[in-house]
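To keep things clear, I will list the structure first and then write my remarks on it.
No value in this document is a laboratory result; all are computed from the given coordinates. All values reported here derive from a predicted model rather than from experimental measurement. Here the Cβ is made from the backbone with ideal geometry for all residues, glycine too, and neighbour counts use every protein chain on show.
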Amino acid sequence: MKKVPQLKQFYIATVVPALKQSRGYTNPHQVPGILKVVLNTGIDAGADKTVIADTQRDLTSIAGQKAVLTKSRKAIANFKLREGQIVGSTVTLRGENMWHFLSRLLVVALPAIRDFRGVPTKFDGNGNYNLGITDYSIFPEISLENTKRMMGLDISIVTSAESDEEGRELLKLLGFPFRRTEAAAAAPVKTSTAA
C-alpha cells in the first residue's frame, strides 16, 4: 500500500473542511484543489551540450521526474535563434510527485531564500499562481559543486479555483507564505506606554 503524501493528507483533513465552511460549498467536488505544477527553466540559445544536460539533470532532480527539453518553434535572427534549437527544459507534475514537490518547496526551499519576506500575492485572474525563483540552488537536491552557473526557475501552480480569491485562500490554507498587503502592514499596532 502506498503512503499518501503528508501535504495531501493535510489538504484532505484540514483544508477541504475549512474551505467548505468559509465558502459554503455543499458538494465536495466544488472545493478547489491543485491540478498540476509546471516547472520551467530557460537555457541560453548558444549553450553547449554540457550546459543543456546539466540543466535537464538539475530540473529532473528537483522535480523527481524526468524533465523534457523544449525547442524553438521558429527562427528569430535578432536573437540568433534557429528553428528546433533547444531553449529550455520543463516538467509537469501531477499526483504524488506534485504533492511531494510542493511540500519540499514550502518546508525546505522557500525558507532557504536569503531575506525571505514571503511570496507575491498576484494571481493570473483564473485562480492559478505563478512563482519565479531567481536561483534554483535553494533546493537541497542541487549541489553547488556540480553547478557551473546559477539559473532561474518558473513554477506554475494550476488550481481548479474559479477566482483569484478562491485560489489565494486555497494556497494560504496549504501554507504558502504570502507577503502581507500594505493595508495589513500599515495597520497601527497598539503598544502600552508605561510612564
Q: Would you mind ranking 68, 119 so that the residue whose beta carbon has the fewest other beta carbons within 10 Å leads the list?
A: 68, 119
Q: Would you check the chain for Lys pairs whose C-alpha atoms are within less than 25 Å, ignoring same-chain pairs closer than 8 in sequence, and give me the count?
A: 27
Q: Give, as a single signed number, the net charge of other residues whose beta carbon lies under 12 Å from the beta carbon of residue 93, with Lys and Arg counted +1 and Asp and Glu -1.
A: +3
Q. Out of 86, 151, 121, whose Cα points farthest toward the positive end of the dipole of the chain (charges: +1 Lys, Arg; -1 Asp, Glu; placed on Cβ)?
A. 86
Q.
Using Cα springs under 10 Å in a Gaussian network model of the chain, which residue among 115, 154, 58 shows the largest mean-square fluctuation?
A. 115
